[in-house]
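Beneath this line is the structure, given in structure tokens, with notes to follow.
The values are calculated or read from the model by the stated rules, or taken from the named source; none is laboratory data. Only a predicted model underlies this, so the values are computations on that prediction, with no experimental measurement involved. FYI the Cβ positions are ideal-geometry reconstructions off the backbone, even for glycines, and counts take in every protein chain you see.
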Amino acid sequence: MTAHASPELVDLFTTYTSSADSIGARLTAVTSRRRADDPLIVATARDFALYPGGGRPPTVEGFRLSTRGFKELAGISHLGPALATLVELAETYGDDTWRASAARLLGQVERSRAANSAELWRDVIAVEAYEGREQAIADMVDYGCAMTARYLRAALADRDYLSARTLREDYLDGGGGAPPPVPLNALMIATFFLAGMDVAHRVLRWFAEQRVDWSRAMVVVAGQQGRPTAGVTWNTSSVAALLLGASRYELALDRLYMAPHAPTFDTPVDGDLSAVAALEEPLRRIWSHTRATVVLGELMFTGYPRYTPDGTHAPDVSDPAVTEIGEMPVIHGPDDWRALVTRLRMVLEDPRQLLSGCVTDYAVSQLVAADNHPAKVVVPGLDGVTYPTDL
């Protein structure tokens, strides 16, 4: 059967939308021109770009993969999931390749442990936000590597030892068997928090220097953030958390648009911002087109309930009776381990979450409260914790 379209009705459709000269396109163009002097902030997976408006050139601040210490800490953060993956391969799938992978991980853990030192963190990695904590970080890394190596050696010596039970009891959180002196869950939270604190410290300072008028800011989080399913809503995006914190929570959520299909730019090389500048107009059009449709709601449906963004709602898991949640739980403080470890579970189970964004929003809020002084922030799982270094 041959499909047939009515040219007359299709033309009616394109009169309003889906054509460059449509009525909708006209509203987008007018909206965009009216806001040409407003600041536009665009976040990619790696960088923030600020387009001041009025034809002035953009500025860019990198905040993730190209920054100091991120990958080094991520390697430690991933030790728990790495061991859990070996358990899954062996127990669920009966895949004997777990043994070769375990041996490889053991060799790399031992190599990393040998390279780790307070001097490495202070003089080589040299993250400003970690100043004064370098010895504590080195001790934590040493402990994480030692405990991981201990577990791997036991598993390689006895296949029956490799199990979900021993992983939890002897490594992650204790509670039976040979509980670890410090649960490795604490180490995972500390490393995620440190990474988030460093990014937040630099981003908060950079935005403060830009003196953004947040009441007029047009904000777009563009492109893929982490895994393909992650970070596409306000309350699952660590980038959104950074932006809200940078504005000291003055940025209205209805000015922040998540645009996973928007064009992005690569991290500028040697100060060349030409590719960044070329995207200003199309990115302004994306924000303006979205805004133009949003404002029609009040015009057309005054008197009906309006949509109000509620991206900050967080469930409370302090009650042990709470066994299921749909959003990240609220953290009541650096010792709220039920909420903190629940977040570790949630970033694995919820495909919307960024794995590295486990506690970024909490780190941001603590830095904002401390006027962006990292030394005044309590790092859960690090500050006040003594990691044994004689294992």
For the structure I just gave you, tell me whether LEU50 is in contact with a Ser or Thr (Cβ under 6 Å, 6 or more places away or on another chain), within 30 Å of TRP121 (Cβ to Cβ) and not in a loop (DSSP other than H, G, I, E, B). no
Would you pick out the residues in the stretch 328-339 that are outside any loop (DSSP other than H, G, I, E, B) and either touching a helix residue (DSSP H, G or I) at 6+ places or on another chain (Cβ under 6 Å) or on the phi > 0 side of the Ramachandran plot (or both)? none
Quick check on the stretch 58-98: of everything there that is free of Cβ contacts under 8 Å to residues at least 60 places away in the same chain, over 30 Å from HIS201 (Cα atoms) and assigned to a helix (DSSP H, G or I), which residue is nearest to the chain's Cα centre (by Cα)? THR85
GLN225: passes all of (1) touching a Phe, Trp or Tyr at 6+ places or on another chain (Cβ under 6 Å); (2) part of a loop (DSSP other than H, G, I, E, B) but (1)
Quick check: anything in the stretch 126-147 of a type outside the set (Lys, Arg), buried (at least 17 other Cβ atoms within 10 Å of the Cβ), touching a residue at least 12 places away in the same chain (Cβ under 8 Å) and within 29 Å of THR264 (Cα to Cα)? yes
Can you go through VAL347, VAL368, VAL364, VAL385 and tell me which one is buried (at least 20 other Cβ atoms within 10 Å of the Cβ), of a type outside the set (Ser, Thr, Tyr) and touching a residue at least 60 places away in the same chain (Cβ under 8 Å)? VAL364
Can you name the number of the only condition in (1) in contact with a Gly (Cβ under 8 Å, 6 or more places away or on another chain); (2) within 23 Å of ALA195 (Cβ to Cβ) that ARG306 fails? (2)
Going through THR92, THR67 one at a time, which residue ends up being over 15 Å from MET188 (Cα atoms), surrounded by 15 or more Cβ atoms within 10 Å (Cβ to Cβ) and at pLDDT below 95? THR67
Condition first: assigned to a loop (DSSP other than H, G, I, E, B) and at positive phi. Can you find one or more residues in the stretch 209-221 that meet it? yes
Would you mind finding the one in LEU83, LEU79, LEU73, LEU105 that is in contact with a Gly (Cβ under 9 Å, 6 or more places away or on another chain), of a type outside the set (Val, Ile, Thr), closer than 21 Å to VAL141 by Cβ and buried (at least 18 other Cβ atoms within 10 Å of the Cβ)? LEU79
So which residues in the stretch 340-391 are in a loop (DSSP other than H, G, I, E, B) and over 22 Å from VAL182 (Cβ atoms)? ASP350, PRO351, ARG352, GLN353, LEU354, ALA370, ASP371, ASN372, HIS373
State whether one or more residues within the stretch 280-293 are of a type outside the set (A, V, I, L, M, F, W, C), surrounded by fewer than 22 Cβ atoms within 10 Å (Cβ to Cβ) and more than 23 Å from ALA222 (Cα to Cα). no
On the basis of being surrounded by fewer than 19 Cβ atoms within 10 Å (Cβ to Cβ) and modelled with pLDDT under 90, does ASP335 make the cut? no
